[in-house]
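Asks: One structure is given below, represented as structure tokens, and several questions about it will come after.
Just so it is clear, none of the values below were taken in a lab; they were calculated from the coordinates. Keep in mind that this is a model prediction, so the values were computed, not measured. Ideal geometry is used to build each Cβ from the backbone, glycine not excepted, and the neighbour counts take in all protein chains shown.
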Amino acid sequence: MKNLVILISGRGSNMMAIAKACAAEGWNARIAAVISNRPDAAGLADAARLGITTAVVDHRAHADRLAFDSALAGAIDAFKPDLVVLAGFMRILSTEFVNRYAGRMLNIHPSLLPAFTGLHTHRRAIDAGCKLAGTTVHVVTPELDHGPIVAQAAVPVLEGDTEETLAARVTAAEHILYPRVVRWWVEGELDFTGAGRIGHRGGAPQWLV
């Protein structure tokens, strides 16, 4: 059985979507722990209600990024993770940390990468006049929001959309896409070609519209 460790910073809605899908679909995996860098993260209480072990590594208690990353890695490794899942984890991680989990750390980003890396993705998509926005699940690499893409979901940008209305549409797509990708990883369905491309061994669509 695969051990999954999920990192969150806030409400953890993607974490909950993954945890519920894992239980409902009978994955050969378990959420070994949910870890947050914020003690007030709402998702911690939700995870605990599902019987999932939680932990906090408060970034404010550490002198710098490397000290925090070291403490975070220690907390993660205590659960012997096969996969580390970033689900709204709002910290930039050091190269040393990312390399420690190379090839076994996923992230979801609220844009159709490589467009709109970083923050304020929904506002930037609206301001750019995009007709489609969306979300991307990718393998984490040292370059922020630039790892190999595993799957994407697209949603329309509607006339009169605000950041909030577009974000709600994107989040709904995330709750479908991210559990699907994590299950693929658990089941060994992802084909890492070594050329920056990741395919699905069974040919399942890696997009959602």
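Asks: Please return the ranges of strands (runs of 3 or more DSSP E) entirely within region 1-116 where 2 or more residues are closer than 27 Å to ASP191 by Cβ.
Replies: Per the criteria, 2-8, 29-36, 83-86, 105-109.
Asks: Filter region 117-131 for residues that are in a helix (DSSP H, G or I) and surrounded by 15 or more Cβ atoms within 10 Å (Cβ to Cβ) and give the result.
Replies: THR121, HIS122, ARG124, ALA125, ILE126
Asks: Restricting the search to region 185-199, which residues are without any contact (Cβ under 8 Å) to a residue 24 or more places away in the chain and either surrounded by fewer than 13 Cβ atoms within 10 Å (Cβ to Cβ) or not in a loop (DSSP other than H, G, I, E, B) (or both)?
Replies: Those that are without any contact (Cβ under 8 Å) to a residue 24 or more places away in the chain and either surrounded by fewer than 13 Cβ atoms within 10 Å (Cβ to Cβ) or not in a loop (DSSP other than H, G, I, E, B) (or both): GLY188, ASP191, THR193, GLY194, ALA195, GLY199.
Asks: Of all residues in region 163-181, count the ones that are more than 18 Å from LEU119 (Cβ to Cβ), among the hydrophobic types (A, V, I, L, M, F, W, C) and surrounded by fewer than 18 Cβ atoms within 10 Å (Cβ to Cβ).
Replies: 2
Asks: Can I ask one more? Condition first: of a type in the set (Gly, Ala, Ser), touching a strand residue (DSSP E or B) at 6+ places or on another chain (Cβ under 8 Å) and on the phi < 0 side of the Ramachandran plot. Now tell me which residues in region 89-133 satisfy that.
Replies: The answer is SER111, ALA125, ALA133.
Asks: When region 141-172 is examined, which residues are found to be among the β-branched types (Val, Ile, Thr) and more than 15 Å from LEU106 (Cβ to Cβ)?
Replies: VAL155, VAL157, THR162, THR165, VAL170, THR171 - these are the residues of region 141-172 that are among the β-branched types (Val, Ile, Thr) and more than 15 Å from LEU106 (Cβ to Cβ).
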